[in-house]
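Written out below as structure tokens is the structure these notes cover.
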Amino acid sequence: MRIIANEGIRAVRHRAVAAEAGVSLAATTYYFSSLQDLLTESFAYWSIGSGQEVERFRLAAGQLVAEQSRRDGQAISEDLLAAVAELTAQYIEDQVTSGRRDRNVELAFRHEAVRDERLRQLVETQDRLQLQAIVEFNRALGTDDPEADAEISLALLLRLEQQALMRGVDQIGRAHV
């Protein structure tokens with residue numbers, strides 16, 4: 001992950017991984033017969049941690065909806081929308097500041113997935129899981145088209161994360177979120 005975060009996917013070679021891990025070249029080639037195997041296993045490992053971050057966000061957003069619903073008896077209110085927007089802005093800021101390395105890794109994997117079918121399938125699976133969580137949230141909010149809204153929301157989140165990485169969080173500002 002450090003190689004990918006610091007130098008990009010193209011720098012991942014058995015020798016580089018062996019040197020980074022402090023193991024013999026034979027060890028990396030024994031466990032990963034090809035670079036494709038190494039990359040797909042790396043993505044699978046990385047996505048476990050990423051999934052935990054998304055799950056924490058999903059639980060926090062769900063809690064906001066549940067509290068609002070108990071308090072006001074309705075799914076959508078201006079206060080709820082403002083709270084969700086603030087939670088989302090904080091999530092993106094955290095992803096780019098403390099999770100900057102992970103965002104670099106994620107973007108590298110997404111870029112490589114254009115060329116690598118096995119990696120593409122893993123990225124698409126991760127996207128489906130994220131979309132499913134957003135669809136559930138949109139249903140709880142009572143949006144008119146939870147699936148379409150989820151597609152838009154995920155695309156926007158990924159774009160804002162990318163922009164924040166390239167420009168810095170302070171350059172995109174919370175107004176965009």
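Side notes on the structure shown:
- Answer from T29, T88, T97, T40 - the residue that is without any contact (Cβ under 8 Å) to a residue 60 or more places away in the chain and β-branched (V, I, T): T29
- Applying the criterion of being in a loop (DSSP other than H, G, I, E, B) and within 26 Å of D94 (Cα to Cα) to the residues of region 1-16, the residue that is farthest from the chain's Cα centre (by Cα) is G8.
- Single residue of region 30-51 satisfying the filter (assigned to a helix (DSSP H, G or I) and open to solvent by 60 Å² or more (accessible area, probe 1.4 Å)) that is nearest to Y91 (Cα to Cα): I48
- Of residues in region 99-146 being acidic (D, E) and assigned to a helix (DSSP H, G or I), the one surrounded by the most Cβ atoms within 10 Å (Cβ to Cβ): E106
- Among the residues of region 17-29, those identified as assigned to a helix (DSSP H, G or I) and surrounded by fewer than 17 Cβ atoms within 10 Å (Cβ to Cβ) are A18, A19, E20, A21, L25, A26, A27, T29.
The values are calculated or read from the model by the stated rules, or taken from the named source; none is laboratory data. As the structure is a computational prediction, the values presented were derived from the model and not from experiment. Please note: Cβ atoms are built from the backbone with ideal geometry, for glycine as well, and neighbour counts cover all protein chains shown. When the accessible area is computed, the model is the full protein with side chains, heavy atoms only, and any ligands, DNA or RNA have been set aside. Shrake-Rupley method; radii C 1.70, N 1.55, O 1.52, S 1.80 Å.
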